[in-house]
Amino acid sequence: MKLFISLFLIGELMISCSEPTGSRNSTMVGSIQKKTASKLWLGTWERRQWGYGATLEIKDIKRDSIVFSLKAFNGGHGGELEGVAIVNENVALFYQGQEYNTCLLELKLTGDSAIIIEQKKGICYAGMGVSYDGQYKNSKIVPEEKDETLLSLGIFKTEKEDSLFKSLVGSEYSLFVYSTQTTSEEEDLDSLHVKVYYSSVTGLHTIQENIVMVDSLNNIWAAVLHREKVHYFTNSNEYKMKIPKTIEKWRERFAEYPIIYK
């Protein structure tokens, strides 16, 4: 990927966004006395958020500029960018303008522990719903990631509920976790007096999805997609070999997938 170098004027940032069609680059014009950027910028910085992770790597310093690469995700969608940002004390600006895509990023260094990125303009070559915004913590001080659970992801409210679900689905518990990024509460079509949760991963619908139904007595009906099959679990004897209407409704978009009764 080509590197794009941005120039900015301290105290007066001039961005031209009205170039004739066909112009490849808008230009920031200015003249500054070059300074050397702090070495505190160097390293790997992480934005840890389930399903929305991102990594900033600052590989080199060239006097008043930093050389970086940036990757971000929203489920199955991603974005990738690299370039050179000009530094003024603790703020770095990256700008690249083309006919069909414009990108303006502000990177703000806060001590030696974090960099805050603000995506001020453009989609910056990212996929649908992908943003570079957020706080990126220095990877040297970020604590080791803990495994997510359906409790931490908000499907269950207590350790007891989560533990009961784990005992029901066994080793396939991770399939439910990794297919839970966005969740909506849906209608109970069977009048079972249950909470119904549809979950999926952005950009991977009909590939990574699950449904969980649970009542106040901890009766559970659940299904998850795995390799174009629907794996179905329940602790209700009445529904051991049949699917509730609510789950039938959920699987309408991939009705050809066989049901595996677990």
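The values are calculated or read from the model by the stated rules, or taken from the named source; none is laboratory data. Worth saying up front: this structure is predicted, and the values here are computed from it rather than measured. Glycine gets a Cβ as well: all are built from the backbone with ideal geometry, and neighbour counts include every protein chain shown.
Residues considered: Thr206, Thr246, Thr202. Of these, the only one that is touching a Lys or Arg at 6+ places or on another chain (Cβ under 7 Å), assigned by TED's automatic domain parsing to the domain that holds Thr183 and either crowded, with 20+ Cβ neighbours inside 10 Å or not basic (Lys, Arg) (or both) is Thr206. In the stretch 1-13 there is at least one residue that is surrounded by fewer than 14 Cβ atoms within 10 Å (Cβ to Cβ) and either at pLDDT 95 or above or basic (Lys, Arg) (or both). Exactly one residue out of Lys157, Lys140 is more than 19 Å from the chain's Cα centre (by Cα), more than 16 Å from Tyr52 (Cβ to Cβ) and free of Cβ contacts under 8 Å to residues at least 60 places away in the same chain: that is Lys157. The residues listed here are Ala223, Ala255; of these, the one that is at pLDDT 95 or above, out of contact with any Leu (no Cβ under 9 Å at 6 or more places or on another chain) and crowded, with 16+ Cβ neighbours inside 10 Å is Ala223. Does Tyr132 satisfy the condition of being assigned to a strand (DSSP E or B), buried (at least 18 other Cβ atoms within 10 Å of the Cβ) and among the hydroxyl-bearing types (Ser, Thr, Tyr)? Criteria not met by Tyr132. Selection within the stretch 161-205: residues that are among the aliphatic types (A, V, I, L, M) and in contact with a Gly (Cβ under 6 Å, 6 or more places away or on another chain). The member of this set that is farthest from Ala222 (Cα to Cα) is Leu204.
For the stretch 151-164, the count of residues that are assigned to a loop (DSSP other than H, G, I, E, B), touching a strand residue (DSSP E or B) at 6+ places or on another chain (Cβ under 6 Å) and surrounded by 17 or more Cβ atoms within 10 Å (Cβ to Cβ) is nonzero.
Could you list all residues from the stretch 226-242 that are surrounded by fewer than 19 Cβ atoms within 10 Å (Cβ to Cβ) and within 15 Å of Pro258 (Cα to Cα)? Answer for the stretch 226-242, where residues must be surrounded by fewer than 19 Cβ atoms within 10 Å (Cβ to Cβ) and within 15 Å of Pro258 (Cα to Cα): His226, Arg227, Glu228, Lys229, Met241, Lys242. Do you know which of the residues in the stretch 165-199 that are part of a loop (DSSP other than H, G, I, E, B) and in contact (Cβ under 8 Å) with a residue 24 or more places away in the chain is surrounded by the most Cβ atoms within 10 Å (Cβ to Cβ)? Once the filter is applied, the top-ranked residue is Thr180.
Residue by residue, here is whether (1) buried (at least 16 other Cβ atoms within 10 Å of the Cβ); (2) touching a strand residue (DSSP E or B) at 6+ places or on another chain (Cβ under 9 Å); (3) over 16 Å from Lys35 (Cβ atoms) holds:
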{"residue": "Ile61", "(1), (2), (3)": "yes, yes, no"}
{"residue": "Ser65", "(1), (2), (3)": "yes, yes, no"}
{"residue": "Phe68", "(1), (2), (3)": "yes, yes, yes"}
{"residue": "Phe73", "(1), (2), (3)": "yes, yes, yes"}
{"residue": "His77", "(1), (2), (3)": "yes, yes, yes"}
{"residue": "Gly83", "(1), (2), (3)": "yes, yes, yes"}
{"residue": "Val91", "(1), (2), (3)": "no, yes, no"}
{"residue": "Gly97", "(1), (2), (3)": "yes, yes, yes"}
{"residue": "Ile117", "(1), (2), (3)": "yes, yes, yes"}
